[in-house]
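Heads up, the thing below is written out as structure tokens.
Every read-out reported here was derived from the displayed coordinates using simple, explicitly stated rules and does not represent laboratory data. All values reported here derive from a predicted model rather than from experimental measurement. In this analysis, Cβ positions are derived from the backbone assuming ideal geometry, glycine residues included, and neighbour counts consider all displayed protein chains.
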Amino acid sequence: MARIVMKFGGTSVADLDRIRNVARHVKREVDAGHEVAVVVSAMAGKTNELVGWCREASPMHDAREYDAIVASGEQVTAGLLAITLQSMGVHARSWQGWQIPILTDNAHGAARIQDIDGSFLVKRFGEGQVAVVAGFQGLAPDNRIATLGRGGSDTSAVAIAAAVKADRCDIYTDVDGVYTTDPRIEPKAKRLARISFEEMLEMASLGAKVLQVRSVELAMVHKVRTFVRSSFEDPDAPGMGDFDNPPGTLICDEDEIVEQQVVTGIAYAKDEAQISLRRVADRPGVAGGIFGPLAEANINVDMIVQNISEDGSRTDMTFTVPSADVGKAIAVLDENRETIGFDVIQHDDGMAKVSVIGIGMRSHAGVAAIAFKALAERSINIRAITTSEIKISILIDAAYTELAVRTLHSVYGLDKQ
Ligand code: ADP
Ligand code: ASP
Ligand code: MG
């Protein structure tokens, strides 16, 4: 007997037929004698609809009320799945974040889980109950419901798996694993049998939305054995209930991966914007003067490029922010124009960041040059570059995203034969 946390995303619970299919996956594990807790997302499109309603009601809405509204999607699914399981003879009950409780911080709309007392769910296991937990939500210190940021049900699942010391956390979604890149834009993408925590963390933070970044961090820190697998397969097909080797991708420690590639995957993020400050006074403290106020305004600055000034007096500073924050960023910079001391602000929406990821890069030289050459051959202009030990990120015009992803996927030998 093992303890398993099963998480089902929005498309997996999009309608009652799919919820019935999900219930069959759950029943399979229960019938195999495992202790099971389930985490569910809202039905596909529901959260977007709820977010849309908040914006329509008031563009400057209160984050606490936003949470009260958007958390409701998961509550509906949890109840529907519990009813469906009950009708199949499974002893199931739905639970909301506050009932367990899943305690978060006060950052409404993007809260972080602080603590989950696993004993509540362990007690349910003892009663032979399948707890169906509403993902994406918890209870904040102000005694109000809080949500965990978009895609947050993944994080609920991994955090619960850590709290109850589960043997496995299965993230069921609409693809059958983690691929070398988004299979929706590159049909030649290959499914990875395993990917290291570190690479998955980079993939997720650089745009692969298959897992929320925070869920990968938690899995890494708490050593949660996490699989990404498909809910669309027949729940009773051969091998689906294989405990050690379920179909899908295992996120694991680097040393569990036998055949390490130099490049493991390509990720992309659209909706990036580039801001350039021209003729900034080149003196100590100028970066702090620019990025301090942006940080205070909660604007996430990503790639930063600063030129060396020719005569030591003026320089250009270019950086990227999410497109949605461009207006706010420019307003903040304008307010601080005097202290920063720049000439003009220019901005360009419609940028995309394409990234090449692989822990093998640590020990291989020349990996980046291959990308630059391949993009040049396709006449794709590079606007900014950042690198780390295990990734290269390149900023380009968003119109070329698909072409760039496919080009890089092919040039690093990732295409399916
Ligand atoms: P869920 O609703 O189950 O949480 P998401 O839509 O959040 O599902 O995540 C699954 C999607 O992630 C897939 O449909 C796929 O298009 C996208 N995706 C992006 N990059 C990758 C990748 N490298 N491997 C697999 N899927 C990816
Ligand atoms: N329903 C939430 C969202 O769409 C959380 C999740 O699906 O993980 O972001
Ligand atoms: Mg998701």
If you build a Gaussian network model of the chain, linking Cα atoms that sit under 10 Å apart, which residue out of Thr181, Thr77, Thr407 swings the most?
Thr407
What residues have an amide H closer than 5 Å to that of Ala384, excluding those fewer than 5 places away on the same chain, when H is modeled at 1.01 Å from N in the peptide plane?
Leu395
Report relative contact order for the range 81-121 in percent, whole number only (criteria: Cα-Cα under 8 Å, sequence separation at least 6).
27
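For the chain, what does the helix formula give at 222 nm: sum of -39500 (n - 2.57) over DSSP H segments with n ≥ 4, over the residue count, nearest 500 deg cm²/dmol? Could the numbers behind the result be given before it?
Working: 13 runs with 137 residues, N = 417.
Roughly -10000 deg cm²/dmol at 222 nm, from the helical runs in the chain.
Once the convex hull of the alpha carbons of the range 134-241 is built, what does its volume come to per residue, in cubic angstrom? Walk me through the numbers before you get to the answer.
Details: hull volume 13.5 nm³, N = 108.
Dividing the Cα hull volume of the range 134-241 by its residues yields 125 Å³.
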Nonlocal amide H pairs with Cys252, under 5 Å, H built at 1.01 Å:
Ile195, Ser196, Phe197
Over the chain, what relative contact order in percent results from Cα pairs under 8 Å that are six or more residues apart?
14
Alpha carbon centre of the range 299-341 versus the range 216-279: separation in Å?
34
Hey, if you put +1 on the Cβ of every Lys and Arg and -1 on every Asp and Glu Cβ in the chain, which of Gly109, Ile382, Ala42 ends up farthest toward the positive end of that dipole?
Ala42
When we measure straight from the Cα of Lys27, which lysines land under 17 angstrom away, once same-chain ones fewer than 8 places off are left out?
Lys7
Sequence-distant or interchain residues sharing an amide H contact under 5 Å with Val132, placed H: which?
Val38, Arg93, Ser94, Trp95
Stretch gain in nm, segment Ile382-Asp271, where the contour uses 0.36 nm per residue and the Cα spacing is subtracted:
38.3 nm
Where labels lie 7 Å past Cα in the beta-carbon direction, separation of His222 and Ala295 in nm
2.9
If you plug each phi of the range 240-255 into the Karplus form 6.51 cos²θ - 1.76 cosθ + 1.60 with θ = phi - 60°, what whole-Hz ³J(HN,Hα) values come out, in order, with x for Gly and Pro?
4, x, 4, 6, 7, 10, x, x, x, 10, 8, 8, 8, 5, 3, 6
Which aspartates and glutamates, if any, have their Cα less than 12 Å from the Cα of Lys416, not counting same-chain residues under 8 positions apart?
Glu186
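Any idea what the relative contact order of the range 294-417 is, in percent, if you count C-alpha pairs under 8 Å spaced at least 6 apart?
Details: 128 pairs, mean separation 27.1, N = 124.
Rounded, it is 22 percent for the range 294-417.
Report the extension gain between Asp142 and Ala368 in nm, rounded to one decimal, defined as 0.36 nm multiplied by the number of residues separating them, less their alpha carbon distance. Show your work: numbers first, answer last.
Details: separation 226, 0.36 × 226 = 81.36 nm, distance 4.77 nm.
Extra length available between Asp142 and Ala368 comes to 76.6 nm.
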Which one, Asn143, Val286, Ala352, projects farthest toward the positive side of the charge dipole computed for the chain from Cβ point charges (K/R +1, D/E -1)?
Asn143
Listed pairs Lys46/Lys391; Lys123/Lys223; Lys223/Lys373; Lys223/Lys328 exceeding 29 Å between Cα atoms:
Lys46/Lys391; Lys223/Lys373; Lys223/Lys328
Calculate, in nm to one decimal, what Lys416 and Phe120 gain on full extension: separation in residues at 0.36 nm each, minus their alpha carbon distance.
102.0 nm
Say we join alpha carbon atoms closer than 10 Å with springs in a Gaussian network model of the chain; which of Lys328, Lys270, Lys391 then has the biggest fluctuation?
Lys328
Compute the separation of the alpha-carbon centres of the range 1-36 and the range 109-124 and state it in Å as a whole number.
20
Max mean-square fluctuation residue, GNM over the chain, Cα-Cα springs under 10 Å, options Arg383, Arg283, Arg337
Arg283
What FRET efficiency do you get for Met60 and Asp174 if R0 is 25 Å and r is their Cβ-Cβ distance, rounded to the nearest 0.05?
0.15
19 Å cut-off, amide nitrogen to a point 7 angstrom out along Ile330 Cα→Cβ, residues in the range 376-417:
397-398
